[in-house]
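The values are calculated or read from the model by the stated rules, or taken from the named source; none is laboratory data. No experiment lies behind these values; they were computed from the predicted model shown. Cβ sites come from the backbone with ideal geometry, for glycine too, and all protein chains shown count toward neighbours.
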Amino acid sequence: MWKLENEERPAFLIGYTGPRLRGGTPVRSALFSTEGRDTVRERLLNPEKFLSAQLEEIEGQLRFRGDFVPALCPTLGVIAVPSAFGCEVVWWENDFPSARPLLGDDPLRVKKLKMPAVKDGVLGRILDYTRFFIERTEGRFPIRLADLQGPLDNAALIFGHTAFLEALITRPAEVRLLLDMITDLMIAFVKAQRDLVRSLGAEFVPSSFQPWIPDSKGLSIANDAGIMLSPILHDEFSVPYLNRLSDEFGGVYIHSCGNWTHLFPSFENIRGLRGLEFGASETPFGPVAERFGGRTVLACRVGLHRDVKFDGMADFVSKIKAQAKTRCGLFIHVDITNGLIDEHWPETDLDEINRLVES
């Protein structure tokens, strides 16, 4: 798939398809679900419980057909880089942790920030979890990159989103200084985590989200704040830093929530664009397939949208296949973990999904 050579069928992975499932037992995400045996806070702050939840998820997913590569991910959500710069972390009991903005309406404080080390904030905890996961499983599982978000998203978290958007116009030099520091830290941390994983005899996977990607073939990046920018601003404040990461790690695999179709021209300026990961009810799949199909991996899932919805998982898979220009590079994530559904979401029949994908 990453070579854009999967002509026979789309790649696919069965995740959490809803509470009603025919042909298997529902499997919730240990990384992204707010439900489970323990509270989210208990799960994330206890490496034993976090590892156990991921191993349980892997065991469940291995019962399904599809292109699932078992791997462990020592991520702690979006707080990794902001915490290293000094943002206070709020550990919610039943939701994922958040970072309190550090700069707010004083962009000049950027000049007083010190370049963090790769163990500052929760980054050190992530490296500790990386070692713990490998040692407890004797290196049997690949280790995924922790969720580092991306330069733009981290800057927005450190500023606070409203202050960040204002600073793009009023204090662009300070924004660029922060983006440079963030990018430097991301590069240093990825190398540190990768070196640790390799030194302990395990495989490093340079993506925190699905699907598996071979090392040296790209780096997963979250670029959610991009949807609030014009193509001109995105070219100025996102693309240069994405290109730095791409040059360093052999490409970038970009996730974004929301509808980013207006950024198509800017995305054309990203070097080594390995893939796009998105919700197909947020960014409509058809235009993405028309512009990028067969040129890069398109990894789609149900997504979040109040008005644009699918009539079940079979409807989602059918519509994606019908709109795809080619199977090459197409990855269908049969999962609603980060999707918006209602009480009318029908039962998912795994045999039907398998037939639809492979037909």
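List of remarks:
So that you can scan it fast, the table gives a plain yes or no per residue for (1) at pLDDT below 95; (2) touching a helix residue (DSSP H, G or I) at 6+ places or on another chain (Cβ under 7 Å); (3) within 15 Å of ALA117 (Cβ to Cβ):
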{"site": "MET181", "(1), (2), (3)": "no, no, yes"}
{"site": "LEU196", "(1), (2), (3)": "no, yes, yes"}
{"site": "SER207", "(1), (2), (3)": "no, no, no"}
{"site": "LEU219", "(1), (2), (3)": "no, yes, no"}
{"site": "MET228", "(1), (2), (3)": "no, yes, no"}
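- In the range 11-21 there is no residue matching the filter, namely being hydroxyl-bearing (Ser, Thr, Tyr) and either surrounded by fewer than 18 Cβ atoms within 10 Å (Cβ to Cβ) or not in a loop (DSSP other than H, G, I, E, B) (or both).
- Among the conditions (1) of a type in the set (A, V, I, L, M); (2) more than 30 Å from ALA53 (Cβ to Cβ); (3) not in a loop (DSSP other than H, G, I, E, B), the only one that ILE126 does not satisfy is (2).
- ARG144 being among the basic types (Lys, Arg), touching a helix residue (DSSP H, G or I) at 6+ places or on another chain (Cβ under 8 Å), surrounded by 17 or more Cβ atoms within 10 Å (Cβ to Cβ) and at pLDDT 95 or above: no
- Within the range 302-356, the residues that satisfy the criterion of being more than 23 Å from the chain's Cα centre (by Cα) and of a type in the set (A, V, I, L, M) are ALA314, ALA322, LEU350, ILE353, LEU356.
- Residue ID - surrounded by the fewest Cβ atoms within 10 Å (Cβ to Cβ), chosen from residues in the range 22-56 that are among the hydroxyl-bearing types (Ser, Thr, Tyr) and over 21 Å from the mean Cα position of the chain (by Cα): THR25
- ARG295 being surrounded by fewer than 23 Cβ atoms within 10 Å (Cβ to Cβ), within 20 Å of CYS328 (Cα to Cα) and either within 15 Å of the chain's Cα centre (by Cα) or not polar (S, T, N, Q) (or both): yes
- Residue within the range 137-149 that is in a strand (DSSP E or B), closer than 25 Å to HIS255 by Cβ and either without any contact (Cβ under 8 Å) to a residue 60 or more places away in the chain or among the basic types (Lys, Arg) (or both) present: yes
- Of all the listed residues (PRO101, PRO82), the sole one being more than 20 Å from the chain's Cα centre (by Cα) and buried (at least 18 other Cβ atoms within 10 Å of the Cβ) is PRO101.
Yes/no per residue for (1) more than 22 Å from GLY275 (Cβ to Cβ); (2) among the charged types (D, E, K, R); (3) in contact (Cβ under 8 Å) with a residue 12 or more places away in the chain:
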{"site": "TRP2", "(1), (2), (3)": "no, no, yes"}
{"site": "ARG9", "(1), (2), (3)": "no, yes, yes"}
{"site": "PHE12", "(1), (2), (3)": "no, no, yes"}
{"site": "GLY15", "(1), (2), (3)": "no, no, yes"}
{"site": "THR25", "(1), (2), (3)": "yes, no, yes"}
{"site": "SER29", "(1), (2), (3)": "no, no, yes"}
{"site": "PHE32", "(1), (2), (3)": "no, no, yes"}
{"site": "ARG43", "(1), (2), (3)": "yes, yes, yes"}
